[in-house]
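The values are calculated or read from the model by the stated rules, or taken from the named source; none is laboratory data. These figures come from a predicted structure and were not determined experimentally. Counting neighbours? That spans all protein chains shown, and the Cβs are built from the backbone with ideal geometry, glycine included. Side chains are part of the model used for accessible areas, which takes the heavy atoms of the whole protein and leaves out ligands, DNA and RNA. Shrake-Rupley method; radii C 1.70, N 1.55, O 1.52, S 1.80 Å.
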Amino acid sequence: MFISFEGIDGSGKSTQARLLAEALHAAGIDVIHTREPGGSPGAEEIRALVLEGDPDRWSAETEILLFTAARRDHLEKTIRPALASGKVVICDRFADSTRVFQGVTRGDLQDKVNRLHDEMIGVEPDLTLLFDMDPEIGLSRAKGRQTSEERFEDFGLEFQEKCRAAFLALARQYPRFTVIDAARDIELVAEEVATLVKTRLGA
Ligand SMILES: Nc1ncnc2c1ncn2[C@@H]1O[C@H](COP(=O)(O)OP(=O)(O)OP(=O)(O)O)[C@@H](O)[C@H]1O
Ligand SMILES: [Mg+2]
């Protein structure tokens, strides 16, 4: 089972992905926890290019290519081998983040994103959890961390508002989505996520 975690910056994806991986591991389920951009040595090198530096360092079009290159490497080296050996794959962001960040919020590029995705990636998660919340809170959470990976946070609040709406639109379009209210306490969210995934796994 391939599960992706999606949502705006600071919505708690990385926190919840870690907690779910721990919960599944404790239940004796073979799981890997990986992330995008990154998740394989080559893709982690691309990560620094896209997440650090000036917001206008890359155009949306150039980003689509960089993210897709990173995703292809991640798929080849990490995701496919893990699924083939029967593991549950928890992926912190996947193609929906590209659909939103590069495809919708800076001009109407979603068609290009989808065509490149179909050509080069061609897989979707079995389940996508959308961590939905007010971007103002998300951005203040995200800004509270000490990190140099703030290129997208630096696009500002209005950008994050557009992202939220675009993620919710994808959730209406694709039945693989489940929307999670991410504004609640960490433990409450984690409990809902673990129950949902264990039910799907029949565990
Ligand atoms: N439910 C929550 N309530 C309060 N704080 C939270 C909650 N979930 C996460 N946090 C805190 O908010 C910050 C952002 O969380 P996290 O890094 O998990 O978000 P993210 O969605 O992975 O962000 P990004 O998209 O930037 O990677 C962290 O400092 C985390 O400890
Ligand atoms: Mg994160």
| field | Estimated dipole of the chain in Debye, rounded to 20 [Cβ of Lys and Arg +1, of Asp and Glu -1, Cα centre] | value | 520
| query | In cubic angstrom, how much convex hull volume per residue do the alpha carbon atoms of the range 2-51 span? | reply | 86
| Once the dipole of the chain is set up with Lys and Arg at +1 and Asp and Glu at -1 on Cβ about the Cα centre, which of Ala194, Ser140, Phe101 lies farthest towards its positive end? | Ala194
| note | Length-normalised contact order of the chain, Cα under 8 Å, at least 6 apart, in percent, tallies to 33
| remark: What helix-only [θ] at 222 nm does the chain give? Using -39500 (n - 2.57) per DSSP H run of at least 4, over all residues, to the nearest 500, the answer is -16000 deg cm²/dmol
| query | Over its Cα atoms, what ratio of radius of gyration to 2.2 N^0.38 Å does the range 59-155 give? | reply | 1.19
| field | Surface per residue (accessible, 1.4 Å probe) for the chain, Å² | value | 46
| task | List every residue whose amide H lies under 5 Å from the amide H of Arg35, counting only residues 5 or more places away in sequence or on a different chain, with H placed 1.01 Å from N in the peptide plane. | result | Asp92
| Can you give the net charge of the other residues whose Cβ lies under 13 Å from the Cβ of Asp118, counting K and R as +1 and D and E as -1? | +2
| field | Difference of contour (0.36 nm per residue) and Cα-Cα distance, Asp30 to Glu45 | value | 2.7 nm
| Between Ala84 and Ser140, what FRET efficiency follows from the Cβ-Cβ distance if R0 is 41 Å, with the result rounded to 0.05? | 0.50
| remark: For the table Lys77/Lys162; Lys162/Lys198; Lys13/Lys143; Lys13/Lys162; Lys87/Lys198, the rows whose alpha-carbon distance is greater than 21 Å are Lys77/Lys162; Lys162/Lys198
| query | Which value results for Rg/Rh of the range 2-201 when Rg is the Cα radius of gyration and Rh the Kirkwood radius based on the inverse mean 1/r? | reply | 0.93
